[in-house]
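Peer 1: Just dropping this structure here.
The numbers here are math on the coordinates, done by the rules we state, and not lab data. Everything numeric here is computed off the predicted structure, so don't read it as measured data. Quick reminder, even Gly has a Cβ in these numbers, built from the backbone with ideal geometry, and neighbours come from all protein chains shown.
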Amino acid sequence: GAVVSQHPSRVICKSGTSVKIECRSLDFQATTMFWYRQFPKKSLMLMATSNEGSKATYEQGVEKDKFLINHASLTLSTLTVTSAHPEDSSFYICSARQLAGETRETQYFGPGTRLLVL
Amino acid sequence: AQKVTQAQTEISVVEKEDVTLDCVYETRDTTYYLFWYKQPPSGELVFLIRRNSFDEQNEISGRYSWNFQKSTSSFNFTITASQVVDSAVYFCALSEATGSARQLTFGSGTQLTVLP
């Protein structure tokens, strides 16, 4: 149980285009989903916290107009990188926290999306 | 504010050796949760364990064991008889119970390399 999927796993795009990444909790309902960014050999950096049906909460320094987050249902959150530039190239990982149950304090992570902007 | 420190950036061991990964945390909350995650080269973070602040019992799961010491604010992770497949980056993380978001604060990670 507690499987989180991400799509696509890898994407290459041209500078100036927008890229949408999907995060789905496959076998549980997620109250909250989180989006992280990870640079090579670095730890995870929280970008935003996404709650179903409400606006995402962004961490300081993360541009909300550039990284659009939509949490349309209890099993799906999307991150859209708008007008991507080479500096947006990174590994983006989502996680989901269960709505209820013994494991509700645990975040389960997706496999990540490698974004390369040319 | 909470903080997680993993002082060991890289560790290299030979297969079958035991290895301990250190984790020290700081928090003002009395109720919190501690986690260990494994990140193999594929990139996915694999959940290994969650421990709440009221449960100081050590835990063993196969070759993995965890030692939680509130007195020293540490939550160390030991792999017994290490295997090449254990090679990965291991992250320790903390989540405070106050607030509904339950955001994770990660340590900087320890790169473990197990040599054959």
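Peer 1: Among DSSP beta bridges whose residues both lie in the protein assembly as shown, state the antiparallel percentage, nearest 5.
Peer 2: Antiparallel: roughly 90 percent of the beta bridges in the protein assembly as shown.
Peer 1: On a C-alpha basis, how far is the centre of the stretch B:51-65 from the centre of the stretch A:7-36 in Å? Whole number, if you could?
Peer 2: 32
Peer 1: Under a point spin-label approximation (7 Å from Cα along Cα-to-Cβ), what is the B:Thr78-A:Glu105 distance to one decimal in nm?
Peer 2: 2.4
Peer 1: Another question, then. Just the isolated ones, please: cysteines in chain A lacking another cysteine beta carbon under 4.7 angstrom.
Peer 2: A:Cys13 - these cysteines have no disulfide-compatible partner (Cβ-Cβ under 4.7 Å) in chain A.
Peer 1: How high is the FRET efficiency between B:Val14 and B:Lys70 when r is their beta carbon distance and R₀ equals 22 Å, given to the nearest 0.05? Provide the component values of the computation, followed by the final result.
Peer 2: Details: r = 33 Å, r/R0 = 1.51.
The formula returns an efficiency of 0.10 here.
Peer 1: Hey, another quick one. Using only the alpha carbons of the protein assembly as shown, what is the convex hull's orientation-averaged projected area in square nanometres?
Peer 2: Seen from a random direction, the Cα hull of the protein assembly as shown projects 12.7 nm² on average.
Peer 1: Restricting to chain A, what percent of DSSP beta bridges are antiparallel, rounded to 5?
Peer 2: Details: 38 of 42 bridges.
Bridges in chain A are about 90 percent antiparallel.
Peer 1: While we're looking at this one, here's another question. Quick one: in the stretch B:10-111, what % of C-alpha pairs are over 17 Å apart?
Peer 2: 51
Peer 1: On a 31 Å Cα-Cα criterion, which of the cross-link pairs A:Lys64/B:Lys70; A:Lys55/B:Lys70; A:Lys66/B:Lys70; A:Lys42/B:Lys70; A:Lys20/B:Lys70 come out too long? Let's see the in-between values first.
Peer 2: Values: A:Lys64/B:Lys70 38 Å; A:Lys55/B:Lys70 37 Å; A:Lys66/B:Lys70 41 Å; A:Lys42/B:Lys70 27 Å; A:Lys20/B:Lys70 42 Å.
The pairs that break the limit, which is 31 Å between Cα atoms, are A:Lys64/B:Lys70; A:Lys55/B:Lys70; A:Lys66/B:Lys70; A:Lys20/B:Lys70.
Peer 1: Which value results for Rg/Rh of the stretch A:77-118 when Rg is the Cα radius of gyration and Rh the Kirkwood radius based on the inverse mean 1/r?
Peer 2: Values: Rg = 14.0 Å, Rh = 12.2 Å.
My calculation of the ratio gives 1.15.
Peer 1: In debye, nearest 20: dipole of the protein assembly as shown around its Cα centre with unit charges on the Cβ of K, R (+) and D, E (-)?
Peer 2: Working: 22 positive and 23 negative charges, 120 e Å.
Here the protein assembly as shown has a charge dipole of around 580 debye.
Peer 1: Still on this structure: With +1 assigned to the C-beta of every Lys and Arg and -1 to the C-beta of every Asp and Glu, and no other charges, what is the dipole magnitude of chain B about the Cα centre in debye, to the nearest 20?
Peer 2: Numbers: 9 positive and 13 negative charges, 51 e Å.
Rounded to the nearest 20 debye, it is 240 debye.
Peer 1: Restricting to Cα pairs below 8 Å that are 6+ residues apart, what does the relative contact order work out to for the stretch A:1-75? Please round to a whole percent.
Peer 2: Once normalised by length, the contact order is 25 percent.
Peer 1: Quick one: what Rg and Dmax do you get for the stretch A:1-97 from the alpha carbons, in Å?
Peer 2: Spelled out, the Cα radius of gyration and Dmax of the stretch A:1-97 are 12.8, 38 Å.
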